[in-house]
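Below: the structure, in C-alpha cells.
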Amino acid sequence: MISVIIPSYNRAKTIERAINSVLSQTYSNLELIIVDDCSTDNTKEIVKKIKDSRVRYYCFKENKGACAARNYGVSVSKGDYIAFQDSDDEWVLSKLEKQLECMNSLKVDVVFSTINLYNTKGNFIKNIPNNMKSCFVSQEKLLEKSIIGTPSILLKREVFDFFQFDEDLPRLQDWEFSLKISSKYKIYYLENILVKSYVQDNSISKNSENGLFAIDKIYNQYKQKIDFSKVAYANYLMLKAQFSHKRDAKILLRKAIKKDFRIYTLLRACKVYFSK
C-alpha cells in the first residue's frame, strides 16, 4: 500500500482538486492522510464532504509548518511506500502506477518525475527538471541544482524512517530532503510529466529572507562538497544572489571571479539582478 500525505494550510479553494487527483489514481491501493496545519478557512468542511474510506483527516491545534505536517502524516501512516502531494497541486492519474513500476523494475529506493509548473491563471511557466533524460541521480548532481519537487516523489518507507523533513527550515525543504536521502539511497529520475504544480500568490517560495536562511544552512551542511564542485558552488552563489539585494549580488560575483574566473560563465544568470 502507498500512503499519500497532503499538508494543508488555508487551501480550501484548491485542496479538493489535489485530493481527487490522488483518489482517482490508476493505482488504488492507497491511503490518503491530510494534515491540516491549523487552517482558518473551511478546509475541514471541504475534506469532510469527500466520502472515501481511504481518506484520513488530522488537524493541528497550532500552526507548525508543512514539514512538521508531512512528518506527522508519515508517523500515522501504514503504507510500505510514501508519496507527498501538495494541497494546491494536481497529479497525472497514472503517477503512482508508473513510479511503482519503475521502482520495482530498477530496484531503486526513490523515484521522482518531471513537474509542470503553472501560475494561478493556469499559464505554463517551466518544467522541473528541464531537458533531462531518465537516469540515476547522485548527491553531486543534486548539489548542482535542486531538481526534485516534493509532490513528484515516491519512496520506500525505510527511507523516511531514516530521514525526515527538517522542521526548522522555512524554505528549500525539498532540496535539503533530497540531499539527505541521496547520501544513503538510490534515486531515479523518471522523465514523465506526472505532476502539475501551481505557484500561489502567498507561496512560501516567494519569501527572500527564508531563502537566504535556507541556502546558508544547506551550504554550511555541504560546504566541503559545494566548494569542491565549480557548478555546485556557482549554483549556491546564484541562489544567494537571487535571494539578496543588488549590492549583495555584486559582492558575491566579485568573490566568485576572484576564486576562479571560470565560475563567471556559470554566473551569467546573475546579470538580471545587476540591471534592477
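Rule-based calculations on the coordinates, nothing more; no lab input. No experiment lies behind these values; they were computed from the predicted model shown. Here the Cβ positions follow ideal geometry from the backbone for every residue, glycine too, while neighbour counts run over all protein chains shown.
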### Task
Within the range 26-68, which residues have the backbone N less than 12 Å from the label spot 7 Å out from residue 1 along Cα→beta-carbon, could you tell me?
29-33, 53-56
### Query
Applying the Karplus parametrisation 6.51 cos²θ - 1.76 cosθ + 1.60 with θ = phi - 60° to the phi angles of the range 123-128, what ³J(HN,Hα) value in whole Hz is obtained for each residue in order, glycine and proline being reported as x?
7, 5, 10, 5, 9, 10
### Two-site label geometry, residue 80 and residue 107: point separation in nm, points 7 Å out along Cα→Cβ
1.6
### Message
Can you compute 3J(HN,Hα) from phi for each residue in the range 70-85, using the Karplus curve 6.51 cos²θ - 1.76 cosθ + 1.60 with θ = phi - 60°, rounded to whole Hz and x for Gly and Pro?
### Response
5, 4, 5, x, 5, 5, 9, 8, 10, x, 7, 10, 10, 9, 10, 10
### Message
Between residue 50 and residue 242, what's the calculated FRET efficiency when r is the beta-carbon distance and R0 is 30 Å? Round to 0.05.
### Response
0.20
### Query
Which loop-located trypsin sites (Lys or Arg not before Pro) does the range 80-130 contain, where loop means any DSSP state but H, G, I, E or B and the Cβ has at most 16 other Cβ atoms within 10 Å?
107, 121
## Note on the structure
In degrees, nearest 10, the alpha-carbon axis of helix 95-106 is tilted away from the dominant principal axis of the alpha carbons of the chain by 70
### Query
So, with +1 on the Cβ of K and R and -1 on the Cβ of D and E, and no other charges, what is the size of the charge dipole of the chain about its Cα centre, to the nearest 20 debye?
1200
### Message
Among the listed pairs 180/225; 98/184; 64/141; 145/240, which have their C-alpha atoms separated by more than 20 angstrom in this model?
### Response
98/184; 64/141
### Query
Once amide H atoms are placed 1.01 Å from N in the peptide plane, what residues at a sequence separation of 5 or more from residue 115, or on another chain, have their amide H within under 5 Å of its amide H?
128
### Task
Could you check what % of the DSSP bridge pairs in the chain are antiparallel, to the nearest 5?
35
### Task
Quick one: net charge around residue 106, please, counting Lys, Arg +1 and Asp, Glu -1 for every other residue with C-beta under 13 Å from its C-beta.
+2
### Task
Please label the shape of the range 2-201 as rounded, prolate or oblate, based on the square roots a ≥ b ≥ c of the eigenvalues of the alpha-carbon gyration tensor (a/c under 1.5 means rounded; beyond that, a/b larger than b/c means prolate, else oblate).
rounded
### Query
residue 225 label point, 7 Å along Cα→Cβ, cut-off 16 Å on backbone N: hits in the range 167-184?
173-184
### Query
Which distance in nm do the two modelled labels at residue 40 and residue 140 give, with both placed 7 Å along the Cα-to-Cβ direction?
4.9
## Note on the structure
With the 8 Å Cα cutoff and a minimum separation of six or more residues, the chain has a relative contact order in percent of 18
